[in-house]
Each structure stands twice: as structure tokens, then as C-alpha cells.
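These notes are about the structure you will find just below.
The values are calculated or read from the model by the stated rules, or taken from the named source; none is laboratory data. Because the structure is a prediction, the values reported are computed rather than measured. Reconstructed Cβ throughout: ideal geometry from the backbone, glycine too, with neighbour counts over all protein chains shown. Keep in mind that these areas ignore ligands, DNA and RNA; they rest on the heavy atoms of the full protein, side chains included. Shrake-Rupley method; radii C 1.70, N 1.55, O 1.52, S 1.80 Å.
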Amino acid sequence: MRRIGFLINPVAGMGGSVGLKGTDGNADEARRRGALPRAQERATITLHLLSSLTDLLFITCSGDMGATALRECGIPHFQVVYQYQGTSTAEDTKKAVAAFLQEGVDLILFCGGDGTARDVYSVTQRSVPILGIPAGVKMYSAVFALDPSAAAALVSGPYGVQDAEVMDVDEEAYRKGALETRLSGIARVPARAHLTQAAKQVFEEADEDRAKEEIARFLQEVMLPGVLYIIGAGTTTEAIARQLGVVKTLLGVDAIRDGSLVASDADEKTLLDLAGRYPETRIIVSPIGAQGFILGRGNQQISAAVVKNVGLQNLIVVATPHKLRETPSLYVDSGDPALDREFGESIQVISGYRIAQRKKISRSQ
């Protein structure tokens, strides 16, 4: 039997919908703001798809760090080798991974975000492949499957092994609007085409700035009076706000109406309230460079509920030509598979002044 080390970071991703831009050290604040755990839900999608396989033995942790989800999903074979008490910490993750390695696991499957990936890799280094079920806020690393279903497909095999960057973001700087990434190392990950994400790229070229200005100039022309615009994170969307004379939070989600800021660095609840208050609402987002995610990475405030409330037909995607050239496909991981399917096979992306192109949307299944 293949031995799979399995762990969940129970608090991963809680900060996303409430606008914290990360949960490291902020789980209590996320709960205070009404955030709900999402890692268990994401992990169970993967586990349900693996529950019929009889050749897997899961080596795991007690309670919400693994055993509870495995039991609820009817996984027939698992063994608890690490017990934790109270609220799990990064140290629990590291100790659990060390216990997995002592048990001779063939692969470590974890559910969390970049912080969890960093903690897992700090113990494994390159000794065994690792694979993340995406459940965090940022997920800049290339060790994550595209979505929970893709994670199941990879674990099911067969797969090769490739090198992948373990990236992390300084969350304190991130919350202040500064993107400071660092490379923690190069991990080994399971590899099959179109099932793992690329590491995020940041494009900083003179042509990029001009392209963003052209997109912003066009959007300013077509934005309608009285309509509320929910504007996602990123430098392309920031250029749109700047064209309107509005100071936008670079890494947050803002709302603008008639050239004025209605909400700054808004969380999911605020966006839902605004969408209910303004019947004419649009959403403007830009995919993450190289990864290509329209929804589900870095902008969890624009949740599936927000998109459904506004209407998928009112979602506007913008990206510079260079970013689109470097992004083979776009992806959607809203957390609602039915909504993800509604996106269809392609989507129109505004890429310049009165210029748009259709871009393929790929899926793990």
C-alpha cells in the first residue's frame, strides 16, 4: 500500500473572506470578524474522491488536523501517529511531518496555504514529494494542486515528480499593501499536466505600465453612472482606480461608484451588503500572473456568494497582453464547483484600449 502523510491546517484560509489577507497569527481576529474554517471543507472534497481507493494508507494527525476528516469521508485505512492538544500551531505541523517521515511515507498531502507549505517543506526538504490542497489566502507557491479535485487526481496517480518553488509572503507587509515574497526552497511535487499551479509571477516592465494605463483609460470610458464597481486586488486594477482619481488598496478589494470610494479593503460581508444595496453592480478582477486564477487566489473576499449575487455576466476580467502571453490558461477555484462550471470554456479578457481577447479556461477534470 502507498503511504500518504496527511494533515490539515484547521485555520488556513480563514483570513481571506474577512479581508485579513492571511491567517498566520491572526486566527483569533479572523474568528472575531465572523470567519468560518474552510480547510476541512476543501480537504473533504479531495478525500471523498479518494475514499474508494483501497491501496492507500493515510498516516495522519488526531482531530481536526486529519483524523476527523478521514473518518467522516469513509477512508478505510488510516493511522494516527501525531496527537496535538488545543489549537494547532506551526510547531504541530512540523512535528507531525517529522512523525510522517519516520513512518516512511511516500507522499505528504497537506491542506492549507503558503505558510503551511513552508512549514511542511522546512521538515521534508527534498526527501519526499509534497502536495498542497489549496485552502489558504495567498498560495503563491507552486506546490499546490489547481483545486481539491486535482489533488485527488494526482494522489490517485500515476504521476511523475518535478521541482516546484515554495514561496511565502511577508503577511505584515502584505496587510499594509506591500508585496514582499521570498523563496523558502525547491520542493519535489507530483507532476501531471494541468493539475498543479505555477508560482506567481510579478511583471514590472515599462510596457506593462503602459498597457495598464490603456486598460484603465478604456474602463473609465465604459464605466456607467450609478453602477457600483467591486475592484479586486492587483496592479492592473489599481491602475483603473488611479485613472478614476481614487486611491485603492493594492492588495485588497475596494468598491467604487461614480468615481468615489464606497468601501476600502472590504471583506466578503461588506461586499454582499453592498451588492444587496446597489442592484447595478459589476466586479472587475485581474488573474494572478502565471498562475492564471480569476477567483480563488488572493481575492477570497469576492466569494462565490458575491459573484452569484452580482451575476456572472457582470464579471469583468482585465489583464495586460504580456501577462496573458505568460499565462497559458485561466482557472477558477471559487469553492463552488457549479459556479466554476458556469464560466464555460473561455472568457473575454480586456487587454488594452478597446482591445479584448478570449482566453481558455482550463479545469482539472
Next on the checklist: Leaving out ligands and nucleic acids, and using a 1.4 Å probe, what accessible area per residue does the chain come to in Å²?
Outcome noted: 40
Item to check | Gain in span if fully extended, Arg71 to Leu224, counting 0.36 nm per residue against the direct Cα distance | outcome: 49.9 nm
Next on the checklist: Can you say what percent of the DSSP beta bridges in the chain, counting only those with both residues inside, are antiparallel? Round to 5.
Outcome noted: 45
Checklist outcome for this item: Distance in nm between Glu342 and Arg210 label points, each 7 Å along Cα→Cβ, equals 3.9
Next on the checklist: Considering just Cα atoms, how many Å³ per residue does the convex hull of the chain enclose?
Outcome noted: 121
Checklist outcome for this item: Largest-first ranking of His194, His77 by accessible area, probe 1.4 Å, whole protein assembly kept, is His194, His77
Checklist entry - Can you give the accessible area of Arg126, probe radius 1.4 Å, in Å² rounded to 10? => result 110
Item to check | Over 20 Å between alpha carbons, listed pairs Lys323/Lys359; Lys269/Lys308; Lys212/Lys359; Lys248/Lys360 | outcome: Lys248/Lys360
Checklist entry - Under a 5 Å amide H to amide H cut-off, with H placed in plane at 1.01 Å, what residues pair with Cys111 once short-range neighbours are removed? => result Leu7, Ile8, Asn9, Ile133
Checklist entry - Rounded if a/c is under 1.5, else prolate if a/b is larger than b/c, else oblate: which is the stretch 226-365, with a ≥ b ≥ c the root eigenvalues of its Cα gyration tensor? => result oblate
Item to check | Surface/4 of the Cα convex hull for the stretch 307-365, nm² | outcome: 4.4
Checklist entry - Based on DSSP H runs of at least 4 residues, each adding -39500 (n - 2.57), what is the mean residue ellipticity at 222 nm of the chain after dividing by all its residues, to the nearest 500 deg cm²/dmol? => result -9000 deg cm²/dmol
Item to check | Per residue convex hull volume, Cα atoms of the stretch 229-274, in Å³ | outcome: 54
Next on the checklist: Among Leu219, Ser156, Thr60, whose Cα projects farthest towards the positive end of the dipole of the chain, with charges put on the beta-carbon of Lys, Arg (+1) and Asp, Glu (-1)?
Outcome noted: Ser156
Checklist entry - Please state the relative contact order of the chain as a whole percent: Cα pairs under 8 Å, 6+ residues apart? => result 15
Item to check | Separation in nanometres of the label points that stand 7 Å from Cα toward Cβ, at Glu326 and Val80 | outcome: 4.6
Checklist entry - From the residues Gln243, Gly259, Ala275, which one has its Cα farthest along the dipole of the stretch 194-302 in the positive direction, the dipole being from +1 and -1 charges on Cβ of Lys/Arg and Asp/Glu about the Cα centre? => result Ala275
